[in-house]
């Protein structure tokens, strides 16, 4: 169970029933803009996710979990941020609060935008949101065969804490402590 810090006064909780609000854009120079996803973004979000994960199908032997999601439903039920460039969705970030804590459920970047810092910016935004909501850590999961993702997450401070088989997929659960990044308390 993830320990949650007391929530500052005036901050709304996140989750399925939380009221949607405009989220500030991560600190990123153009050509990207960031905004909460709306249901009409579902086809573009799905296209971005499918493009981002397509190369894993052969390695895993089936579509990864994010490729099987109904993005209209995901947008309705979770916190989804999209990154756009020239009017096209180029990145998707899905966040949720679960019994285990603050979940970075999915980060997807269109392959034509790899290597430009967009994925890192989305992850940093997720970590900022977790801190803002009062969480001491953030967690994610990835397929055991997505070795490059596991290496990247480890490089930026995520540590494996569990392995689970869910929906026929073997997932590696990783957590990052946000304590070192919290401002000192008065």
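Please treat every number below as a calculation from the coordinates, not as lab data. In this text the structure is predicted, and so the values were computed from the model without any measurement. Quick reminder, even Gly has a Cβ in these numbers, built from the backbone with ideal geometry, and neighbours come from all protein chains shown.
From the square roots a ≥ b ≥ c of the eigenvalues of the alpha-carbon gyration tensor of the stretch 33-181, which class results: rounded (a/c under 1.5), prolate (a/b over b/c), or oblate? Rounded, since a/c falls under 1.5.
Using every pair of distinct Cα positions in the stretch 98-186, the Kirkwood expression returns a hydrodynamic radius of 14.0 angstrom.
Between residue 160 and residue 55, the FRET efficiency from the beta-carbon distance, with R0 = 22 Å, is close to 0.45. When you count the other C-beta atoms within 10 angstrom of each residue and take the mean per peptide, 88-101, 142-155 line up highest first as 88-101, 142-155. As a rough footprinting exposure proxy, the listed residues 135, 102, 161 were ranked by other beta carbons within 10 Å of their own, and the order from fewest upward is 161, 135, 102.
To the nearest whole percent, what portion of all C-alpha pairs in the stretch 80-145 is separated by more than 15 angstrom? Don't skip to the answer; put the middle values down first.
Working: 1121 of 2145 pairs.
Pairs farther apart than 15 Å: 52 percent.
For the stretch 32-107, the calculated P(r), taken from all Cα-Cα distances in 10 Å bins from zero up to the bin holding the longest distance, is 19, 51, 27, 3 percent.
Taking label positions 7 Å along the Cα-Cβ direction at both residue 120 and residue 179, the computed distance is 2.7 nm, reported to one decimal.
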